[in-house]
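J.: Please find one structure pasted underneath; my questions will follow.
The values are calculated or read from the model by the stated rules, or taken from the named source; none is laboratory data. Computed from a predicted structure; not experimentally measured. Please note: Cβ atoms are built from the backbone with ideal geometry, for glycine as well, and neighbour counts cover all protein chains shown. With ligands, DNA and RNA removed, areas are computed over all heavy atoms of the protein, side chains included. Shrake-Rupley method; radii C 1.70, N 1.55, O 1.52, S 1.80 Å.
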Amino acid sequence: MYKGIAVSRGIGIGSVCRIVKHDLSFEPRRIEDTEAEKERFHKAIDAFVDETNAMAEDVRKRIGVKEAEILRGHAVMISDPAMSGEMDKMIDQGQCAEAALSAVCDMFIGMFSRMDDDNMRQRVSDIADVKTSILKKLLGIEEIDIKNVAPGTVLVSSDLTPSMTSQIVKENVTGILTETGGKTSHSAILARALEIPAVLSVPGIVDAVKDRDTVILDGTEGEVFVNPEGDVLSKYMLKREEFIRRQAELKNYVGKETLTADGDRVELFCNIGTPRDAKKALKCDGEGIGLFRTEFLFMDNTRLPSEDEQFEAYREAVETMAGRPVIIRTLDIGGDKDIPYLGLKKEDNPFLGFRAVRYCLGNEDICRTQLRAIIRSSAFGKVRIMVPLVTTVDEIRSIKRLVSDIKEDFVKEGIDHDTDLEVGCMIETASASLIADLLAAEADFFSIGTNDLTQYTMSVDRGNPSVAYLYSPFQPSVLRSIRYITECAHRAGIPVGMCGEAAADPLMIPLLIAFGLDEYSVNPVLVLTARSIISKWSKKEADELARRVMELSTEEEITAVLREAMKE
Ligand code: PEP
Ligand code: MG
């Protein structure tokens, strides 16, 4: 049995498909038969062009015309004589195809990255993509088409990037296993959104399995079995049925208000990453959107989405929620969320670097475009703006100033918007927590991001398995922080929510009831589970439990007491 971090509940039983990282290095060779080499080269290009055009057609049907055009652009680019002609010339001079391809692509990458024009600079990632794809063909490397794996597949990979995860088709993938990542890595969040059982940070799992091995993974306990014995298989098939039965029972909570056992109402919202997820939030009975992670709009693109494109996406989510609140977070990139076409500089400590609100304030055009799109969408429902990774009062003031400027412009330009639009602050850094009283005087609401608050309070990288034992929102320091943040919000008379993964944790919920959290924002698939747990606790019982817990000194003692008190 192997053990890892359980990140997405349920039992997955299926057949392994390994996704291995490929080595794209090659030895440059001197070519004698240059005609044969050019033929090999053009065969690779032709295959690439055919596949890219087929993919573009699929994207056009599933996603949209504009996205398809980007892919078609890749096929056109490599067929351009300025590129392939240059490569042919180098092969004629005796270079091998791999070397010619790399040299010419790198030359264009260098040229485009030095240009002032944003559109031109964005071509850099397009060329890098084309180079990688054709290099793989020349080196005979077969890519796994994640979108088309067979039903019943368990994906096994050293790492699963958010863009790989977003290609997954739920009907085909019954489980995900990786060697890196933790509960709050973005792949984990996507796995939960797709309701696919997942266990991450399983040491050595990629080498421990072969394609088509049978594996069982328990996404609640973090256990993995490779080619299990018959009795283990039967046990887990029963466990899977039991899990499915329990999920079915939750249907009793559909359409109900979210109330504690003594009838106190709280709001139960959803976290989403795309406008399409808003439909899911509604289907799962979410009462609003507590966190729209807008970075996925930027990550699933090969260039910056324009104001209109962003506006359409935000409007779609807002209209879907039909008057229910939608909290849209400004761009939260950096850390583990890279956007290749922005050309972010490599940093020694990316989680402590130029990211999120820092990046937005340092790139005012990008920030302004996004705020304009969000504010325009406020004419179609109940929108709120939320700012991530705040560490100073100045940051929230600067964003508020930009929002006011844009609203003034809109009045002059006659653009409809909500004039009372609220601007809130995510509390997810140690600094923001310590100055929560000062921030509460500036912000219209708070939302506690426990994924990062735990990371920055405990000084542990949220995706690093070696320090995962310290990464827990039940550490006394994190719990004190959460309690202090809610106190500061309430003293200032503003509501406080939580959009970190802890908001749906059955052990955390009674403490949040005791602290008086006003709004819980969870993965849509956990709405009914969270509602059922909230309904089991009265304020008095929760207060009593919190009083005991807040006197304890270690995470182990705290979780032991909470586990014992947990209600089925
Ligand atoms: C958080 O940090 O808790 C949060 C909700 O933001 P993200 O997980 O996107 O960093
Ligand atoms: Mg965060």
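J.: Between Ser431 and Glu221, what FRET efficiency follows from the Cβ-Cβ distance if R0 is 41 Å, with the result rounded to 0.05? Please list the in-between numbers first.
T.: Numbers: r = 36 Å, r/R0 = 0.87.
Step by step, r from the Cβ atoms, then E = 0.70.
J.: How high is the relative contact order of region 464-568, in percent, with contacts defined as C-alpha pairs under 8 Å that are six or more residues apart?
T.: Relative contact order of region 464-568: 30 percent.
J.: What are the GluC sites (Glu not before Pro) within region 277-352 that DSSP puts in a loop, where the Cβ has at most 14 other Cβ atoms within 10 Å?
T.: Glu347
J.: How long are the semi-axes of the ellipsoid equivalent to region 146-250, from square roots of 5 times the Cα gyration tensor eigenvalues, in whole Å, largest first?
T.: 20, 17, 13
J.: Whose amide H sits under 5 Å from the amide H of Ile272, counting only residues 5 or more places off or on another chain, with H placed in the peptide plane?
T.: Leu291, Phe292, Arg293
J.: Another question, if that's okay. Describe numerically, in nm with one decimal, the distance between label points set 7 Å from Cα along Cα→Cβ at Leu238 and at Arg401.
T.: About 6.6 nm separates the two model spin labels.
J.: Can you give the longest run of the chain that contains no chymotrypsin sites (Phe, Trp or Tyr not before Pro) sitting in a DSSP loop with at most 16 other Cβ atoms inside 10 Å? Intermediate results must be reported in sequence, preceding the final value.
T.: Working: sites that count: Phe26, Phe354.
It works out to 27-353.
J.: Same structure again: Karplus couplings for region 48-57 from phi (6.51 cos²θ - 1.76 cosθ + 1.60, θ = phi - 60°), rounded to Hz, Gly and Pro as x?
T.: In residue order, the calculated couplings are 4, 4, 4, 5, 5, 5, 5, 5, 4, 5 Hz.
J.: Right, another one. Per residue, what accessible area does region 273-410 have, given a 1.4 Å probe and all protein chains present, in Å²?
T.: Spelled out: the 1.4 Å probe surface of region 273-410, per residue, equals 39 Å².
J.: With charges set only on the Cβ (+1 for Lys and Arg, -1 for Asp and Glu), what does the dipole of region 254-565 come to about its Cα centre, in debye to the nearest 20?
T.: Approximately 280 debye in magnitude.
J.: Something else now. For the chain, just give the cysteines left without a disulfide-compatible partner, judged by no other Cys Cβ under 4.7 Å.
T.: So, Cys17, Cys96, Cys105, Cys270, Cys284, Cys425, Cys488, Cys499.
J.: Before rounding to the nearest 500, sum -39500 (n - 2.57) across all DSSP H runs of length at least 4 in the chain and divide by the residue total; then give [θ] at 222 nm in deg cm²/dmol. Intermediate values should be presented prior to the final figure.
T.: Working: 23 runs with 268 residues, N = 568.
Estimated from H runs of four or more residues: -14500 deg cm²/dmol.
J.: Now for a different question. For region 235-334, what % of the accessible area comes from carbon and sulfur atoms, probe 1.4 Å?
T.: C and S fraction of accessible area: 53 percent.
J.: Now for a separate question. Need the list of lysines near Lys183 for cross-linking: C-alpha distance under 20 angstrom, and skip anything on the same chain fewer than eight residues off.
T.: Reachable lysines: Lys3, Lys170, Lys337.
J.: Could you work out how far helix 476-492 tilts from the main Cα principal axis of the chain, as a 0 to 90 degree angle to the nearest 10?
T.: Helix 476-492 and the main axis of the chain meet at about 70 degrees.
J.: Next up: Could you tell me the relative contact order of the chain? Use alpha-carbon pairs under 8 Å, at least six residues apart, and round to a whole percent.
T.: Numbers: 1072 pairs, mean separation 81.4, N = 568.
Result for the chain is 14 percent.
J.: Testing the spin-label approximation: label points 7 Å from Cα along Cα→Cβ at Lys210 and Glu551. State their distance in nm.
T.: Label at Lys210, label at Glu551, 5.9 nm between them.
J.: On to the next question. Given the chain, report the % of alpha carbon pairs whose separation exceeds 47 Å. Walk me through the numbers on the way to the answer.
T.: Details: 26283 of 161028 pairs.
For the chain, the fraction of Cα-Cα distances above 47 Å is 16 percent.
J.: Another one. With point charges of +1 on the Cβ of Lys and Arg and -1 on the Cβ of Asp and Glu, referenced to the Cα centre of region 146-250, which listed residue (Gly181, Val209, Val169) lies farthest in the positive direction of the dipole?
T.: Towards the positive end, the residue furthest out is Val169.
J.: Next question. What FRET efficiency, computed as 1/(1 + (r/R0)^6) with R0 = 56 Å and r the Cβ-Cβ distance, is obtained for Leu361 and Glu229, rounded to the nearest 0.05?
T.: E between Leu361 and Glu229, to the nearest 0.05, is 0.45.
J.: At q = 0.14, 0.19, 0.24 Å⁻¹, what is the base-10 log of I(q)/I(0) for region 421-488 according to the Debye formula with one equal point scatterer per Cα and no solvent? Please give it to two decimals.
T.: Log10 I(q)/I(0), no solvent term: -0.40, -0.67, -0.95.
J.: Which whole-Hz ³J(HN,Hα) couplings does region 138-146 yield from phi under the Karplus relation 6.51 cos²θ - 1.76 cosθ + 1.60, θ = phi - 60°, glycine and proline marked x?
T.: 5, 8, x, 8, 8, 8, 7, 8, 4
J.: Kindly identify region 379-499 as rounded, prolate or oblate by the Cα gyration tensor criterion: order the square roots of the eigenvalues as a ≥ b ≥ c, call it rounded if a/c is under 1.5, otherwise compare a/b with b/c, prolate if a/b is larger, else oblate.
T.: prolate
J.: Give me the one-decimal Kirkwood hydrodynamic radius in Å for region 345-398, with the sum taken over alpha-carbon pairs. Please report the intermediate quantities before stating the final value.
T.: Details: mean 1/r = 0.0793 Å⁻¹.
Every distinct Cα pair counted, the radius reaches 12.6 Å.
J.: So what is the accessible area of region 1-40 per residue, in Å², with the probe set to 1.4 Å? Walk me through the numbers on the way to the answer.
T.: Numbers: 2550 Å² over 40 residues.
Heavy-atom accessible area per residue stands at 64 Å².
J.: Quick one: angle between helix 65-79 and the longest Cα principal axis of the chain, in degrees between 0 and 90, rounded to 10, please.
T.: Taking the Cα atoms of the chain, the angle to 65-79 is about 30 degrees.
J.: Give the percent of DSSP beta bridges with both residues in the chain that are antiparallel, rounded to the nearest 5.
T.: Values: 17 of 56 bridges.
Once the DSSP bridges in the chain are tallied, antiparallel ones form about 30 percent.
J.: Hey, for a label at Lys539 modelled as a point 7 Å past Cα toward Cβ, could you say which residues of region 497-521 have their backbone N under 11 Å away?
T.: 514-517
J.: So which GluC sites (Glu not before Pro) in region 234-284 end up in coil per DSSP with only 14 or fewer other C-beta atoms within 10 Å?
T.: Taking region 234-284 and a limit of 14 other Cβ atoms within 10 Å, the loop GluC sites (Glu not before Pro) found are Glu257.
J.: Please give, to one decimal in nm, the separation of the simple spin-label points placed at Lys283 and Lys21, each 7 Å out from Cα toward the Cβ.
T.: Between Lys283 and Lys21, the label points sit 3.5 nm apart.
J.: Let a ≥ b ≥ c be the square roots of the eigenvalues of the Cα gyration tensor of region 238-294; is it rounded (a/c under 1.5), or, if not, prolate (a/b larger than b/c) or oblate?
T.: It comes out oblate by the Cα gyration axes.
J.: Dipole magnitude of the chain about its Cα centre, charges +1 at Lys/Arg Cβ and -1 at Asp/Glu Cβ only, in debye to the nearest 20?
T.: Magnitude of the dipole: close to 1140 debye.
J.: Could you point to the residue in Leu438, Ser535, Pro81 farthest towards the positive end of the chain's charge dipole, with +1 and -1 charges on the Cβ of Lys/Arg and Asp/Glu respectively?
T.: With unit charges placed on the Cβ atoms, the residue in question is Ser535.
J.: Would you mind telling me the antiparallel percentage of the DSSP bridges in region 146-250, rounded to 5?
T.: The answer is about 35 percent antiparallel.
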